[in-house]
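A.B. asks: Please find one structure pasted underneath; my questions will follow.
The values are calculated or read from the model by the stated rules, or taken from the named source; none is laboratory data. Here the structure is a predicted model, which is why all the values come from computation and not from measurement. Because the Cβ atoms are built from the backbone with ideal geometry, glycine has one as well, and the counts that use them run over all protein chains shown. For the accessible areas, the whole protein counts, side chains as well, though only heavy atoms, and no ligand, DNA or RNA atoms are used. Shrake-Rupley method; radii C 1.70, N 1.55, O 1.52, S 1.80 Å.
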Amino acid sequence: MLFNQAIEIDESLNDDVMRLSLSGERVRYSLRLKPADVAAAKKSSGLKLPAKIGGTSIAAGQTILCLGPQEWLIVALPKSREKLAGTMAKLSADYICSAVEVSHRNLQFTVTGPGAARALNAACPLDLSVDAFPVGKGTRTIFEGAPIVLWRTAEHEFTVEVWRSFAPYLRDFLAKTAKDRHMA
Amino acid sequence: MMLIHCPYCEEKRPEIEFAYAGEAHIHRPVKDADDMTDEEWSHFMFLRDNKRGDHAERWWHANGCNMFFNAVRNTVTDKFLVTYKMGELPPKASASNAKLPAAKKTGGAK
Ligand SMILES: [Zn+2]
């Protein structure tokens, strides 16, 4: 599968209960910093790195998730490619850190609709009620056999980042469990 | 499904996000391996208590924050008494978690 090649999404994955859609191309970085450098790196780079694990900073065109201690995933629109590359190069020059471009590692889906949480819960064991997993929370977790990064952008709207090779599996799993979501 | 409290995520997470990683608080011998007898070295490498009861062990939040941490789990009931960050000692015995195992050294560490 080429990085810019969309995977087909069957019409059965688009109804009133849940809609699965593939996002367009994204630029991605995995960033790790030393604890002592975080404050200064944040200031000099201008990146809004959330401090707490599970925290996200969602802005137009760029989402940053804190996945682990001093570990962030940055997902941005292609128009930020040059700017981000410059920011990361500067961070790498100024600090002992790990700033790795992983743009082509993942594909991104959005899962929307009143049955979105229920659809994901067919494969993801997290409590996805709004109380336990509020809007703005994001985490690395598991979708059956596939590791994913999941965040909630609205009550009935999630974004899923999945390794490219697992993307057809995720799509097919959601298709196969469609019957379950339609049961009250 | 069992829920395990991750001390880094600071919340309870589903068991299948985690992986077990053996007994905790096994100190690597200070002596160089070449200066140790095979018996001493094998003691560090392979011999474990295989305890029945409260057991200090390592866990890995593999499909979560990706951190290793330590836990005291009862191997009979499979109940987690406490989880704590890497580098910390098992919390002192309290009313709720009486008689926690202390950190121990293995052969060759003297
Ligand atoms: Zn964790």
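A.B. asks: Whether any residue in segment A:140-151 is within 21 Å of residue A:17 (Cβ to Cβ), within 14 Å of chain B (Cβ to nearest Cβ) and surrounded by fewer than 20 Cβ atoms within 10 Å (Cβ to Cβ) is what I want to check.
C.D. replies: Taking every residue of segment A:140-151 in turn, at least one turns out to be within 21 Å of residue A:17 (Cβ to Cβ), within 14 Å of chain B (Cβ to nearest Cβ) and surrounded by fewer than 20 Cβ atoms within 10 Å (Cβ to Cβ).
A.B. asks: Report, by residue number, each residue of segment B:1-59 that is open to solvent by 30 Å² or more (accessible area, probe 1.4 Å), among the aliphatic types (A, V, I, L, M) and within 14 Å of another protein chain (Cβ to nearest Cβ).
C.D. replies: B:1, B:2, B:3, B:16, B:19
A.B. asks: Which one of the conditions (1) more than 14 Å from chain B (Cβ to nearest Cβ); (2) assigned to a strand (DSSP E or B) does residue A:162 fail to meet, given that it meets all the rest?
C.D. replies: Of everything listed in (1) more than 14 Å from chain B (Cβ to nearest Cβ); (2) assigned to a strand (DSSP E or B), residue A:162 misses just condition (1).
A.B. asks: Then there is this: Specify which of the listed residues (A:53, A:64) is buried (at least 18 other Cβ atoms within 10 Å of the Cβ) and either within 16 Å of the ligand (Cβ to nearest atom) or within 14 Å of chain B (Cβ to nearest Cβ) (or both). Don't jump to the end; show me each part of the working.
C.D. replies: On the way: A:64 fails: either within 16 Å of the ligand (Cβ to nearest atom) or within 14 Å of chain B (Cβ to nearest Cβ) (or both).
Just one listed residue meets the conditions, A:53.
A.B. asks: Same structure, new question: Give the residues of segment A:30-50 that are more than 14 Å from chain B (Cβ to nearest Cβ) and open to solvent by 20 Å² or more (accessible area, probe 1.4 Å), sorted by residue number.
C.D. replies: Hits for segment A:30-50 are A:34, A:36, A:37, A:38, A:39, A:40, A:42, A:43, A:44, A:45, A:46, A:48.
A.B. asks: If you don't mind, there's one more thing I want to ask. Taking residue A:78 and the conditions (1) touching an Asp or Glu at 6+ places or on another chain (Cβ under 6 Å); (2) surrounded by 15 or more Cβ atoms within 10 Å (Cβ to Cβ), which numbered condition does it fall short on, given that it satisfies the others?
C.D. replies: Evaluating residue A:78 over (1) touching an Asp or Glu at 6+ places or on another chain (Cβ under 6 Å); (2) surrounded by 15 or more Cβ atoms within 10 Å (Cβ to Cβ) leaves (2) as the failure.
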